[in-house]
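Right, one structure below, let's go through it.
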Amino acid sequence: MLSSIGVQVMGALFQPGSGLELGAVEAMFSAEYADRGEVPGVFATLLGMIPTNVFAALGDGNILQILVFCLFLGLALSRLDSERTAPLMAGMSTLIDALVWMLNRVMRIAPIGVFGLMADAVGTFGFDVLMLVSKLFGVYVLAIALYGFVFYPLVVKGATGMPVRHFLGRMKKPQVVALSTASSMATLPVTLDVATRELGVSRPTSAFVLPLGATINMSGNAIYYGLVAMFFAQLFGVELGLGAYHKKPPRSCRGGFLWAMPEAQSSRGSSASATKIPLLSA
């Protein structure tokens with residue numbers, strides 16, 4: 001919520017959508033997702049978190065449903081005798097280690113994929129067209145930098161007493177991986193390792209909090225949604241009143257939360273007149 005409020009101030013201050021001609025950037029618009037722009041309500045969102053078939057959720061990549069099932073399964077295992085659950089827990093631990101090994105190998109080639117996506121965006125739209133939205137990109141990077149390197153470390157300092165320099169120094173490796181992969185999930189194994197070995201977080205705590213946070217703590221997406229909404233309002237000359245500014249923070253936060261749901265991911269291009277900006281949305 002605070003990240004979304006802060007980005008409103010930056011969007012109003014820097015005006016990333018002002019001064020652009022609509023005809024110069026219309027090549028980035030698409031009506032492909034125009035009929036999927038509705039955001040599910042609160043009740044529908046809660047129902048969507050409950051899996052009807054866990055294997056279908058695994059196949060569809062529905063992270064929220066998988067997370068709810070895992071929490072329920074973990075609760076059930078905690079109610080059983082440790083002697084009965086020990087073999088299963090040992091097997092899960094081995095499976096996790098194997099998956100972490102696989103992710104580490106995939107992350108080695110992930111920067112090549114990111115480079116390919118950026119090259120495709122430049123080749124499709126042209127460098128001149130992408131430069132028209134460079135101001136939006138710059139404001140977004142500035143907002144992310146302020147949140148990640150100023151606000152968040154201060155929260156850690158206030159909550160735990162850990163020195164800011166110590167925290168930032170230990171988190172350099174996860175930040176580099178996150179920058180190169182643009183994925184919270186791909187960065188998760190590195191974050192888990194740093195949190196337990198270098199920051200002194202207990203294994204049970206990190207194993208519970210970090211996967212949960214990587215799924216629903218979408219601060220970057222909340223910043224992106226709020227900033228892009230202001231960008232298009234300024235581009236189309238839409239005046240945003242106090243009511244719009246009041247509604248935008250919770251909607252941006254809910255949009256970031258729904259990012260983990262496949263239905264929302266399939267319609268993410270529908271926001272703000274169904275635009276497609278691959279370089280920024282990556």
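Overview of values
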{"item": "Complete set of residues in segment 59-76 that are touching a helix residue (DSSP H, G or I) at 6+ places or on another chain (Cβ under 8 Å) and more than 19 Å from S93 (Cα to Cα)", "result": "D60, G61, N62, I63, L64, Q65"}
{"item": "Set F125, F72: member being out of contact with any His (no Cβ under 6 Å at 6 or more places or on another chain), surrounded by 11 or more Cβ atoms within 10 Å (Cβ to Cβ) and at pLDDT below 80", "result": "F125"}
{"item": "Filtered residue count, segment 151-175, keeping only those that are out of contact with any helix residue (DSSP H, G or I) (no Cβ under 9 Å at 6 or more places or on another chain) and among the β-branched types (V, I, T)", "result": "1"}
{"item": "Pairs with Cβ under 6 Å, 6+ apart, first in segment 194-207 and under 10 Å from R170 (Cα atoms), second open to solvent by less than 70 Å² (accessible area, probe 1.4 Å)", "result": "V194/P174; A195/V201; A195/S206"}
{"item": "In segment 177-202, the residues that are in a helix (DSSP H, G or I), open to solvent by 70 Å² or more (accessible area, probe 1.4 Å) and modelled with pLDDT of 85 or more", "result": "R197"}
{"item": "Subset of segment 50-89 (residues that are under 23 Å from the mean Cα position of the chain (by Cα), in a helix (DSSP H, G or I) and under 19 Å from A214 (Cβ atoms))", "result": "A57, L58, D60, I63, L64, Q65, I66, L67, V68, F69, C70, L71"}
{"item": "Unique match (being over 21 Å from G138 (Cβ atoms), surrounded by fewer than 18 Cβ atoms within 10 Å (Cβ to Cβ), among the small types (G, A, S) and modelled with pLDDT under 70) among A244, A260, A207, A264", "result": "A244"}
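The values are calculated or read from the model by the stated rules, or taken from the named source; none is laboratory data. This is a predicted model, so every value here is computed, not measured. No Cβ is skipped: glycine too gets one built from the backbone with ideal geometry, and neighbour counts run over all protein chains shown. Ligands, DNA and RNA are excluded from the accessible area calculation, which covers all protein heavy atoms including side chains. Shrake-Rupley method; radii C 1.70, N 1.55, O 1.52, S 1.80 Å.
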